[in-house]
Amino acid sequence: MEIRETGRCGAIAYHEPAGSLSFYWELGGSDSVALIWGEAADHWHSCHPWAADRRREILKRVAEEVVRQKAPNCRADIQEPQGLIHIRELD
């Protein structure tokens, strides 16, 4: 997985042998370190059918890897219906 930065935002490239996904992220404010957007479930079904049934698993992998690489003192909250990953400072 690659995390690219362009100022206060960027992209995350997730790769598997079956295909690739792209996520957009931007820095947050207050207790929000960053927000990461995947697409809605219907988009995954139409554009990434290889990943649609594993959406929850992939969102979790992306969240865990972002925390590991960039925010080790944070936690990830996943809002699966929206495909949103919220990286927050630990309490």
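Residues Arg61, Arg88, Arg75: which one is surrounded by 13 or more Cβ atoms within 10 Å (Cβ to Cβ), touching a helix residue (DSSP H, G or I) at 6+ places or on another chain (Cβ under 9 Å) and modelled with pLDDT of 95 or more?
When all the criteria are applied, what remains is Arg75.
Given the condition out of contact with any Asp or Glu (no Cβ under 8 Å at 6 or more places or on another chain), acidic (Asp, Glu) and surrounded by 14 or more Cβ atoms within 10 Å (Cβ to Cβ), answer yes or no: does some residue in the stretch 78-85 qualify?
No, the conditions are met nowhere in the stretch 78-85.
It is to be established whether one or more residues within the stretch 22-29 are out of contact with any Pro (no Cβ under 9 Å at 6 or more places or on another chain) and farther than 27 Å from Asp91 by Cα.
yes
Conditions (1) acidic (Asp, Glu); (2) over 10 Å from the mean Cα position of the chain (by Cα); (3) under 23 Å from Ala18 (Cβ atoms), marked per residue:
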{"residue": "Arg55", "(1), (2), (3)": "no, yes, yes"}
{"residue": "Leu59", "(1), (2), (3)": "no, no, yes"}
{"residue": "Arg68", "(1), (2), (3)": "no, yes, yes"}
{"residue": "Pro72", "(1), (2), (3)": "no, yes, no"}
{"residue": "Pro81", "(1), (2), (3)": "no, yes, no"}
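Please work out if Arg4 is at pLDDT 95 or above, in contact with a strand residue (DSSP E or B) (Cβ under 9 Å, 6 or more places away or on another chain), closer than 20 Å to Arg88 by Cα and not aliphatic (A, V, I, L, M).
When the stated conditions are applied, Arg4 passes them.
The values are calculated or read from the model by the stated rules, or taken from the named source; none is laboratory data. What you see is a predicted model; the values in this text were computed from it and never measured. Cβ sites come from the backbone with ideal geometry, for glycine too, and all protein chains shown count toward neighbours.
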